[in-house]
1. Going by average Cβ neighbours within 10 Å, how do the peptides A:12-20, B:90-98, B:486-494 rank, with the highest at the top?
2. I'd like the distance between the alpha-carbon centres of region A:81-152 and region B:122-158, rounded to an integer number of Å.
3. If neighbour count is taken as other Cβ atoms inside 10 Å, put B:H406, A:H30 in order from fewest to most.
4. Which of B:S274, B:M148, B:V120 sits farthest toward the positive end of the charge dipole of chain B, with +1 on the Cβ of Lys and Arg and -1 on the Cβ of Asp and Glu?
5. Gap in Å between the Cα centre of region B:173-208 and the Cα centre of region B:436-495?
6. Output the DSSP H helices from chain B with an along-axis C-alpha extent of no less than 27 Å and a mean Kyte-Doolittle hydropathy no less than -0.5.
7. Counting helices only, and only those DSSP H runs with n ≥ 4, report the 222 nm mean residue ellipticity of chain B as the sum of -39,500 (n - 2.57) divided by its residues, in deg cm²/dmol to the nearest 500.
8. Sort B:L21, B:L478 by Cβ crowding within 10 Å, fewest neighbours at the top.
Amino acid sequence: MTTKTGNDLFGLIIALLLLSIAVGMLATAHTYSQSSGFFPKFIGWIFVMLALIEVLRQLMSIFATKEKETKESGDHLMREFTGFLWLAALLATLYVLGFLIATPVFIFSFLRISAGKSLRECLLVSGLGTVFVYVIFVVLLEYRLFAGVLFAA
Amino acid sequence: MFDSLLVAADYLTGGINLAYLGLGVVIGLLFGTVPGLGGATAIALLLPLTFGMEPEQAIILMGGIMGAVSIGGSVSAILLNTPGTAPNAATCFDGYPLTQQGKAGLAIGAAATASSIGGVIGVLILVLVLPIAKTIVLWFGPPAFFMMAVLGLTSLTVARGNMLRGLIAACLGLFIGFVGYDDIGGTERFTGGIEFLWDGISIVPMLIGLFAIAEMMKLYVSGGPIARAGSAARITGTRQGILSAFKNFKTVLSGSAIGSIVGSVPGVGGTVASFLSYSFTAQSSKDNQNFGKGDVRGVIASEAANNAKDGGALIPTLAFGIPGSAEMALFLGVLVLHGMDPGPMLLIERESTIFMLILALLTATIFSGTLVLLAARYLSKIAHVDSAVLIPAVIIVSLVGAYALHGSIGDVFAAAFFGLVGYVMIRANYPRITLIIAFVLSGLMERNFIQSMIMFRGDWLKFFGDTTTVVLFALSILVLLIPLIRFVRSRRRMA
């Protein structure tokens with residue numbers, strides 16, 4: 001579970017990020033011609049104002065919090081981190097080796113490492129998953145799936 | 001109108017089209033039954049598979065999914081006390097106690113029948129309202145269309161709870177919509193020189209990321225099984241359940257009316273509709289002491305409203321191109337991908353296509369209700385699917401689907417990026433649906449805003465020279481004031 005302060009801090013980081021996006025958007029909109037920049041400028045000003053209010057709201061919330069527990073649940077953060085690490089690993093494998101190799105590799109490793117499934121189960125599910133992707137996308141829908149930079153060359 | 005209906009019926013029953021409808025129903029039931037998946041994920045995943053289909057076939061498939069999802073969700077709500085989709089939560093109140101009393105069949109029968117009748121009534125209301133909407137839409141000029149979109153977005157932000165974050169999400173969605181080549185001014189906007197962004201951000205990878213990938217990430221982080229281990233209930237007495245829906249037809253009617261009306265308000269959605277219908281029935285019933293302990297009327301009220309909302313939600317989607325829910329935003333994505341321009345011209349130029357959707361929804365509702373009655377026991381087992389298997393499978397299919405749109409690896413990275421955005425939005429409590437609907441509306445809003453300003457020669461005040469625009473503006477302000485009114489009322493009560 002995340003503590004109140006941890007959530008407020010996360011909320012503040014997101015609010016600051018949004019404020020910077022809004023300011024960036026507004027500044028960029030000012031470089032466009034009258035017709036192209038008119039509506040983005042209009043929305044940009046509203047965006048900046050709203051994001052600023054959210055930043056202030058988050059700051060007030062942090063200052064108003066009495067108990068100062070700054071330690072967020074390690075487990076939760078770790079799971080979030082590993083979740084996105086899995087996604088990043090899949091993207092990298094996909095980019096290098098293509099869909100038809102990345103699919104069984106990803107499903108097998110995920111089931112084996114993350115879920116601790118048996119070797120037989122991992123082989124079965126990854127095999128079925130790859131067959132499903134191949135039959136639906138390549139055979140039936142006739143898509144040419146990305147072969148990966150390694151093999152495309 | 002009658003000719004269009006006949007053309008639609010002829011197309012729906014011809015060739016492979018009925019099979020597409022059946023496929024949509026089965027997929028909708030499966031995605032509805034498994035908690036955490038739902039209609040939006042089903043449409044996002046299936047969307048790329050429709051590229052090779054005729055537009056009408058894609059619409060039939062989606063109609064099948066939309067008509068079946070909420071009925072599927074009621075099965076896990078009744079048997080496992082875990083709602084398949086958020087709007088089925090109200091069904092748990094009386095559905096699960098009935099299962100505990102050994103009356104699962106009664107609850108399933110009542111839910112499937114009420115849901116089917118509710119869906120039919122919702123669609124009939126849509127058929128009645130569409131010709132009126134068509135006439136109203138023709139009165140609308142660019143200023144009124146702009147204000148209509150503003151009203152849609154504001155009501156959406158208020159309905160989703162945290163208004164400030166909803167408005168911020170709307171601004172972010174509009175901003176993402178600005179990325180790419182601007183047709184009006186002929187400028188590349190917000191691309192940062194990245195060639196991939198010149199054509200703008202495609203809706204398919206965005207939807208796949210925000211809904212399918214983000215949901216899987218949430219499932220991964222939360223860990224554990226999808227559904228709580230429920231008892232393997234014996235399902236008998238479905239016939240009594242079907243009859244009880246007819247015996248309580250007044251409840252079915254009131255639930256359907258509430259569902260249709262609430263569904264037509266952008267952003268309010270099925271959850272509010274089913275809870276509202278449930279509490280209305282509980283409060284208006286004389287002998288209401290059994291509500292929450294296993295009263296079949298609770299199941300009937302929530303399920304009738306839940307399925308009737310789809311017909312209502314299609315009114316602003318089809319008439320104005322303003323989607324009222326995540327499913328409707330995705331459905332608009334399907335229309336756009338197949339070369340259709342959602343909005344008033346769709347109603348005028350493609351009447352038979354609209355009727356095809358209506359007939360598909362109607363058939364899917366009845367078909368899925370029947371299927372649930374026959375296979376509820378097996379469907380409930382699907383809710384126990386291992387999340388460890390589901391997560392990599394859904395992520396892989398999502399990324400392949402994102403790639404399939406343009407054969408671009410950039411779309412795969414875009415889907416993963418929006419998966420991250422979607423997860424952060426869930427974690428920080430920003431509404432994703434507002435972002436996606438604002439993104440969909442950005443083109444319509446900018447086009448009508450610029451046209452209005454040209455018409456008014458830059459004079460803002462002329463926005464208030466037209467009654468329709470003034471009424472829509474006043475409604476937007478009123479909607480924005482609702483949280484303030486609520487706050488003042490609660491303070492007074494506390495004092």
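1. Details: A:12-20: 17.9, B:90-98: 26.1, B:486-494: 9.1.
Highest to lowest by the protection proxy: B:90-98, A:12-20, B:486-494.
2. What the calculation gives is 44 Å, centre to centre.
3. Working: B:H406 14, A:H30 11.
Starting with the residue having the fewest Cβ neighbours, the order is A:H30, B:H406.
4. B:S274
5. 25
6. B:55-80, B:104-139, B:296-320, B:351-382, B:387-406, B:409-428, B:432-455, B:467-494
7. After summing the helix terms and dividing by the residues of chain B, the value is -25000 deg cm²/dmol.
8. Numbers: B:L21 26, B:L478 14.
In increasing order of surrounding Cβ atoms, one gets B:L478, B:L21.
Here, each number is a calculation from the coordinates, and none is a lab measurement. It should be emphasised that the depicted structure is a prediction, and the values quoted were computed from it without experimental measurement. With ideal geometry, Cβ positions are generated from the backbone for all residues, glycine too; neighbour counts draw on all protein chains shown.
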